[in-house]
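For reference, the structure discussed in these notes is given below.
Nothing in this text is a laboratory measurement; each read-out follows from the coordinates by a stated rule. As the structure is a prediction and not an experimental result, all values here were calculated from the model. Cβ sites come from the backbone with ideal geometry, for glycine too, and all protein chains shown count toward neighbours.
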Amino acid sequence: MTTLDRALEHTGPLEPSMLLTPHSLDEALRLLAAGDAAVVAGGVGHTLRRHDRRPCPATLVSVGRLPGFDTVTWTDTEVVIGAGVRLSALEADVRLAAAWPMVTEAAGSVATARIRRMVTLGGNIAADDDSHDPPVALAAAGARLTVRDALSGRTLAIGDIGGLRRDELIQDVRLPLTAPDQGTVGSSFQKFLVRGLWEYACVNVGAVVRLDARGAVRDLSLAVGSVTGGPVPVDLAGLAEEAGEAAGGIDDRVIDEAARRAAEQTSPYGDVRGSAAYKTRMIAEFARRALTTAALRAAEGTGR
Amino acid sequence: MSTAHASAGRAAAADAPQAPVAPELSLDRAVLPPVIGTAVQRVDAVEKVTGRSAFAGDVRIPRMLHGAVVRSPHAHARIVSVDTTLAERLPGVHAVVTGADTARIKWGAFRPDLYPLALDRVRYVGDEVAAVAATDPETARRAAELIRVEYEVLPAVLTLDEALAEGAPLVHDDAVGNLAHEFGYDRGGADAWFERSDVIVEGVWQTTRQWHGSIETIGCTAEWSQDRVTLWVNTQTPFLARQRYATALGLPLRAVRVVQTEVGGGFGGKSGDDNTSVICAILARKSGRPVQLVNTREEEFLAGRPRIPMRYRVRLGFTSDGLVTAKDIDLIADNGAYTGKAQAVLGAATVRHDALFNYRAVRAHSRLIYTNLVPTGAFRGFGNPSADWAVGQAWDLAAARLGIEPPDLFLLNAVEAGSVSAHNHRISSCELKQCIRRAAEAIGWYEKRAAPTPNRGLAMGVSVHVSGRRSFGDYDGSSAMVRLTEDGRAAVIVGEGEIGTGARTTLAQITAAELGLAVADVTVSRPDTDLTTHALGALASRVTYVAGNAVRRAAKHACEQLLGAASRQLGRPAAELWVEDGMVHAPPAAGEDTPVHVPVGVVVRAELYRPNGQPIVGIGSFDNPSEFPDQARFGNESGAYNFVAEAAEVEVDPATGAVTVLELAAAVDCGTVLNPPLAQGQVEGAIAQGLGMAITERFDWADGAPTRPNFVDYKLPTAGVMPTLHVEFADSYEPTGPYGAKGVGEIALDPVPSIVASAVADAVGVRIHELPITAEKIYWGIHRPEPGAPGAADDPAEFPEQGNPR
């Protein structure tokens, strides 16, 4: 067993003294409000923290099996995904794949099937890890998080997850839906892996293209992960308008400009997956690929 | 007439080429027993897949404690003080040990330079400083964290260039210039042959550290009984490890007993060159209780013995019609902080590939250099993959310069049976040319060449490996006992062991074939230095060839005794008897109608159950018919050489540089294939490990250590990385091998990095000079603003992303 002097000094205990299994969301929130407690849902984050020998709060509150926490609900304007939905369920959701293929692609790209059967969507987001895949897709989609504590609730954007308090829990994730008469939406998630599977991405990108009923570009969206502060939404101001004026949908010039901005506005870090300079090139490349696929899907009007 | 015949016969014999090694076993290859060359199920398959095999960490002994090690966080430092007070006070702690508790003896396979626990200096991040034994692993770990070590950080050498620089800090004070080992030779007069060459190619190629990545980490359980210690270890080489552990512990050899547990992957990494077992024994002695110490995955990376990074400058000369003339290599190898097997690896990496082609002259200068990095050592291939990558790249360049397709160039120059290399490597069986042709055919070489696809590339590489290697003194032998039991089975007692390759299965097949028993009626022991025969263990692809011969002779000896006993019991001449299907058979006796069948067990029991009865125990031994190479590595290192030709097709995505290996064909000459699925498994696994070395495996480094020493960063190839494989075995027979067999464990790994690199060069014109061949390196090769700048590709420092620390 390795003990390196440069390892963290451990002040707290390494194992929780108690695992609590509340039967409702309210009960879970009350337990969290009592303090010195951490949430465990699928258990993957907890396992990694234990492996890294990070101090552990006295109490773990298990929320992985709360009633109603793992449902997907559809309305005319949005789809509401419970925070307890496992990534494996998400990737297999046919209806979601039709509306937001980018989200099911991102969920299905995480780690391995065994790990995806454990990881919950809420846990994956709450980890606040810039390289995680679902948050990149959700950021590009403009998803909102419903967050609760014992007394009240609020809404957060994906990018604000760092503000989640220890007594708060993500209740659900809301994705907007476009009415059929308002045009079509295409989306795509692209992830570049050095080995090809079961690894953190070198770069991961989500892209959305909205076309109006006439087929003209109404809106473009891009988010980039595995960069400092990620997922970073790319500022594409003016580009949708420019693209919308062009006949025949989105052209390569617009896509290249969007890719250029994605590379310009993000700060990747060098690591075992590649140098920062290389990742910048790959961000442009995969932004291009994601937008191209998203535009194609939007034009086909099928979402996929 | 008869006189003429006789003299013609004599003349023919005199003219015949001298067989390099006289076949000691006369065998008719046409009549191999049915159990040879058959897909016999592994003898350990069921217990492994049902989780019942006991690996190192599964050993349980009453009162057993668990150990934890304190390691250096610095690449180079003086130990000012070690304060163990807090650790000793922690409830549950039974022993805390430091260098003061050791025999203060340096140990090592070839160049003793490693203390069991550091005395006054640490030389790499991971160097062992202190250790704890406690009632459970968590307490031990916590106690280890309570040990306070005060260091005075010293300047460190973290690259080969830093270590070789003028006035560089010394890793060991007695190694001037950080030189751990050096040798060289010029055999055949290289300069003269270069002068006569029409085409000369040259380049620098570098490999990086590669870790074994075994599923099971290194582990040991130690228990003392008076003045003897028993170590249950997942080592590949129990008898060799025992010798070194005894030295490290300051004990006579007799005081150490090593028992092999199940081994969850060896690949050279469990060759007993690390301190884990030694520290475990020291903890057990001080605590007075059994202690188990198992590496964490992080420790396996920080303090294992990964593959040696080697930097080759290679120069090859050819005539204009493609005949190779001379080869010159200058090799520097990164030893890390301690030597272990690296010195022997350096030898193989320098000389062995000279047994592939008919070089007229070979010159080499090889140096092993200390650095303040994790020590390096044995890894499947043992220097060959590094040599084959560097020299293979030069051959690929030469093929392009000569305008000759690589398979054709190889065929022009390949060795054959009877060839003798400049180092006196005497090739007995050799089907290298057959392998080259079959690999080319399997990949569809000429069809693909006729219809090239953009961004796809094709390459071929070849390699030679040993079947055992004389390197631990002038002995590369094995011995075995085969005891026939009173219930009609054969118990093979042999000290070679099993590291996952299927060795116990093939040894059982050989025994079954020799004795006419079913494989299910043969058991093969695990090594125990008290109970089994002496053996060198699983290294150098030697077990099938060396131990296979020893076991075969022991089985033959047992069979002779069995038939002798049956002869006495039945009153029939032994020559009339034979064993088949577990029965001794005899034709009908004179005047009788029915043949005689007696179960083997009945004969064995009857031989024992009589006044002064005897057990039936056959013994056999075999020493590799090889030579102990001299200091300059002259000498025939093995009695049999195995060969491979591999061809690969890759596709490169120019937008990312990502390389996909589409197809890989391997044609292997390992003599008779004793068990096809096992041999195929060895080839496929070796190719996977080769692809890891070639493409996926590397770390980020900071301050002399990987930043995240675990599998998150260190990417072993997965099934998804594997190409479509075409594995073929050459029609081959080794006259000195058991039933014609040679080694097969390592060879298929050797050419993989080279063929991937050459295929990438063929696909997109980018030749990578430092492993691994990452997408990023290829990308910058394609998108570099000034592609093809002279010399640029020869300088690894040009690439922003690297596999080596810097």
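What are the radius of gyration and Dmax of chain A, computed over its Cα atoms and given in Å?
20.1, 64
Report the label-to-label distance for A:Thr75 and B:Asp487 in nanometres (one decimal), using points 7 Å from each Cα along the Cα→Cβ vector.
7.4 nm
Applying 1/(1 + (r/R0)^6) with R0 = 60 Å to the Cβ-Cβ distance of B:Arg784 and A:Leu177, what FRET efficiency is obtained, to the nearest 0.05? Can you show the working numbers first?
Details: r = 46 Å, r/R0 = 0.77.
For R0 = 60 Å, the calculated efficiency reads 0.80.
In a solvent-free Debye calculation with one equal scatterer on each Cα, what is log10 I(q)/I(0) for the range B:43-107 at q = 0.22, 0.23, 0.27, 0.29 Å⁻¹, listed in the order of the q values?
Normalising to I(0) and taking log10 leaves -1.11, -1.16, -1.31, -1.34.
Rounded to the nearest 0.05, what FRET efficiency do B:Ser81 and A:Met18 have when you use their Cβ-Cβ distance and R0 = 45 Å? Please report the intermediate quantities before stating the final value.
Numbers: r = 40 Å, r/R0 = 0.89.
It comes to 0.65.
What is the Cα convex hull volume of the range A:148-278 when expressed per residue in Å³?
Numbers: hull volume 20.3 nm³, N = 131.
Hull volume normalised by residue count: 155 Å³.
Tell me, what is the Rg over Rh of the range B:301-457, with Rh the Kirkwood radius over Cα pairs? Mind dumping the intermediate values first?
Values: Rg = 17.5 Å, Rh = 17.2 Å.
Result: Rg/Rh = 1.02.
Ratio of the range B:116-166's C-alpha Rg to 2.2 N^0.38 Å, to two decimals?
On the way: Rg = 15.2 Å, N = 51, 2.2 N^0.38 = 9.8 Å.
Taking N as the residue count of the range B:116-166, the ratio is 1.55.
What's the average, rounded to a whole number, of partner chain beta-carbon atoms within 10 Å of each residue's beta-carbon in A:273-280? The partial results should precede the final answer.
Details: counts 7, 8, 6, 1, 4, 11, 1, 0.
What the average comes to for A:273-280 is 5.
Counting only Cα atoms, I'd like the Rg/Rh figure for the range A:100-216, Kirkwood definition for Rh. Intermediate values should be presented prior to the final figure.
Details: Rg = 15.5 Å, Rh = 15.3 Å.
Here the Rg-to-Rh quotient is 1.01.
Any idea what the alpha-carbon Rg over 2.2 N^0.38 Å comes to for the range B:619-707?
Details: Rg = 19.6 Å, N = 89, 2.2 N^0.38 = 12.1 Å.
Against the compact-globule rule of thumb, the ratio is 1.62.
Using only alpha carbons, build the gyration tensor for the range B:364-481 and give me the equivalent ellipsoid semi-axes, biggest first, whole Å. List each step's numbers first, then the result.
Working: eigenvalues 205, 90, 43 Å².
One finds semi-axes of 32, 21, 15 Å for the range B:364-481.
Sorted from largest down, what three extents in whole angstroms do the Cα atoms of the range B:230-378 have along their principal axes?
Over the range B:230-378, Cα extents along the principal axes are 72, 29, 28 Å.
Please give the length that would be gained between B:Asn710 and B:Ile105 if that part of the chain were fully extended, namely 0.36 nm times their separation in residues minus their C-alpha to C-alpha distance (nm, one decimal).
Values: separation 605, 0.36 × 605 = 217.80 nm, distance 3.16 nm.
Length gained between B:Asn710 and B:Ile105: 214.6 nm.
If eta is 1.002 mPa s and T is 20 °C, what Stokes-Einstein diffusion coefficient results for the range B:187-235, Kirkwood Rh from Cα pairs, in µm²/s? Kindly include the intermediate steps, with their values, before the conclusion.
Working: Rh = 17.1 Å.
Value of D from the Cα-based Kirkwood radius: 125 µm²/s.
Got a sec? Charge dipole of the range A:56-212, +1 on Cβ for Lys and Arg, -1 for Asp and Glu; which of A:Gly82, A:Pro101, A:Gly159 is way out at the positive end?
Value: A:Gly82.
Just check chain B against the gyration tensor rule for me: Cα atoms, a ≥ b ≥ c as the square roots of the eigenvalues, rounded for a/c under 1.5, and otherwise prolate or oblate depending on whether a/b exceeds b/c.
Working: a/c = 1.91, a/b = 1.11, b/c = 1.72.
Cα axes put chain B in the oblate bin.
Using per-residue counts of other Cβ atoms within 10 Å, averaged over each peptide, order B:512-523, B:713-724 from highest down. Spell out each step's value before the answer.
Details: B:512-523: 21.0, B:713-724: 16.4.
Going by the mean number of other Cβ atoms within 10 Å, highest first, we get B:512-523, B:713-724.
Enumerate the whole-percent occupancy of each 10 Å bin, from 0 to the last occupied one, for all C-alpha pair distances of the range B:605-762.
9, 26, 24, 20, 11, 5, 3, 1, 0
So, in nm, how far is label B:Val153 from label B:His365 when the simple model puts each one 7 Å beyond its Cα toward the Cβ?
3.6 nm
Which one of B:Gln41, B:Gln210, B:Val727 has its Cα pushed farthest toward the positive end of the charge dipole of chain B, where Lys and Arg give +1 and Asp and Glu give -1 at the Cβ?
Working it through, the farthest residue towards the positive pole turns out to be B:Gln41.
Label the range B:676-779 by shape, choosing from rounded, prolate and oblate, from the square roots a ≥ b ≥ c of the eigenvalues of the Cα gyration tensor; if a/c is under 1.5 it is rounded, and otherwise prolate applies when a/b is larger than b/c, oblate when it is not.
On the way: a/c = 2.51, a/b = 1.74, b/c = 1.44.
Verdict is prolate for the range B:676-779.
Given the protein assembly as shown, what percent of its DSSP beta bridges are antiparallel, to the nearest 5? Numbers along the way, then the final one.
Working: 142 of 181 bridges.
The answer is about 80 percent antiparallel.
Please list the three semi-axes, largest first and in whole Å, of the ellipsoid equivalent to the range B:243-320, using sqrt of 5 times the eigenvalues of its alpha carbon gyration tensor.
Values: eigenvalues 274, 51, 29 Å².
Computed over the range B:243-320, the values are 37, 16, 12 Å.
Using +1 on the beta carbon of Lys and Arg, -1 on that of Asp and Glu, and nothing else charged, what's the dipole of the range B:77-213 about the Cα centre, debye to 20? Can you show the working numbers first?
Numbers: 13 positive and 23 negative charges, 118 e Å.
Computed about the Cα centre, the dipole is about 560 debye.
Taking a Cβ-Cβ separation under 4.7 Å as the criterion for a possible partner, which cysteines of the protein assembly as shown have none?
Lacking a cysteine Cβ partner under 4.7 Å: A:Cys56, A:Cys202, B:Cys430, B:Cys435, B:Cys559, B:Cys670.
Rounded to the nearest 0.05, what FRET efficiency do B:Ile215 and B:Asp136 have when you use their Cβ-Cβ distance and R0 = 30 Å?
Numbers: r = 23 Å, r/R0 = 0.78.
That gives a FRET efficiency of 0.80.
How long are the semi-axes of the equivalent ellipsoid of the protein assembly as shown, taking √(5λ) for every eigenvalue λ of the Cα gyration tensor, in whole Å from largest down?
54, 38, 31
According to a simple spin-label model (label point 7 Å from Cα along Cα-to-Cβ), what is the distance in nm between B:Ala606 and B:Glu416?
It works out to 5.5 nm between the two label points.
Please list, in order along the range B:213-227, the HN-Hα scalar couplings obtained from phi with the Karplus expression 6.51 cos²θ - 1.76 cosθ + 1.60 (θ = phi - 60°), rounded to whole Hz, x for Gly and Pro.
After applying 6.51 cos²θ - 1.76 cosθ + 1.60, I find x, 4, 4, 9, 7, 5, x, 8, 10, 10, 9, 9, 10, 6, 9 Hz.
Rounded to the nearest 500, what is the 222 nm mean residue ellipticity of the protein assembly as shown from helices alone, with -39500 (n - 2.57) per DSSP H run of 4+ residues and division by all residues? Let's see the in-between values first.
Details: 31 runs with 315 residues, N = 1110.
Estimated from H runs of four or more residues: -8500 deg cm²/dmol.
Which whole number gives the average count of other chain Cβ atoms within 10 Å of the Cβ atoms across peptide B:710-723? Intermediate values should be presented prior to the final figure.
Values: counts 2, 2, 5, 5, 1, 9, 2, 2, 6, 1, 5, 3, 0, 0.
Whole-number average of other-chain Cβ neighbours for B:710-723 is 3.
Given +1 on the Cβ of Lys and Arg, -1 on the Cβ of Asp and Glu, and no further charges, what dipole in debye does the protein assembly as shown carry about its Cα centre, rounded to the nearest 20?
Numbers: 107 positive and 134 negative charges, 430 e Å.
Roughly 2060 debye for the protein assembly as shown.
Order B:424-431, A:193-200 from most to least packed using the mean count of other Cβ atoms within 10 Å.
B:424-431, A:193-200
Return the long-range amide H neighbours of B:Thr208 (sequence gap of 5 or more, or a different chain), with a cut-off of under 5 Å between placed amide H atoms.
Residues meeting the amide H criterion: B:Met310, B:Leu771.
What is the average number of partner chain Cβ atoms found within 10 Å of a Cβ in B:297-308?
Values: counts 2, 4, 3, 1, 1, 2, 1, 0, 0, 0, 0, 0.
Rounded to a whole number, the mean comes out at 1.
I want the local charge near A:Leu90. Using Cβ-Cβ distances under 13 Å, sum +1 for each Lys or Arg and -1 for each Asp or Glu among the other residues. Don't skip to the answer; put the middle values down first.
Details: positive: A:Arg86, A:Arg95, A:Arg116, A:Arg117; negative: A:Asp70, A:Glu91, A:Asp93, A:Glu105, A:Asp133, A:Asp172.
It works out to a net charge of -2.
If you take the Cα Rg of the range B:456-504 and divide it by 2.2 N^0.38 Å, with N the number of residues, what do you get? Don't skip to the answer; put the middle values down first.
Numbers: Rg = 18.7 Å, N = 49, 2.2 N^0.38 = 9.7 Å.
Taking N as the residue count of the range B:456-504, the ratio is 1.94.
Using only the Cα atoms of the range A:158-235, build the gyration tensor, take square roots of its eigenvalues as a ≥ b ≥ c, and label the shape rounded, prolate or oblate: rounded if a/c is under 1.5, else prolate if a/b is larger than b/c, else oblate.
Values: a/c = 2.32, a/b = 1.32, b/c = 1.75.
Taking the square roots of the gyration eigenvalues as a ≥ b ≥ c, the range A:158-235 is oblate.
Hey, what do the phi angles of the range B:251-256 turn into as Karplus ³J(HN,Hα) couplings, whole Hz, using 6.51/-1.76/1.60 and θ = phi - 60°, x for Gly and Pro?
Couplings: 10, x, 3, 5, 8, 10 Hz.
Order B:556-565, A:48-57, A:275-284 from most to least packed using the mean count of other Cβ atoms within 10 Å. Could you put the intermediate results ahead of the total?
Working: B:556-565: 20.2, A:48-57: 14.2, A:275-284: 21.9.
Going from most to least packed, we get A:275-284, B:556-565, A:48-57.
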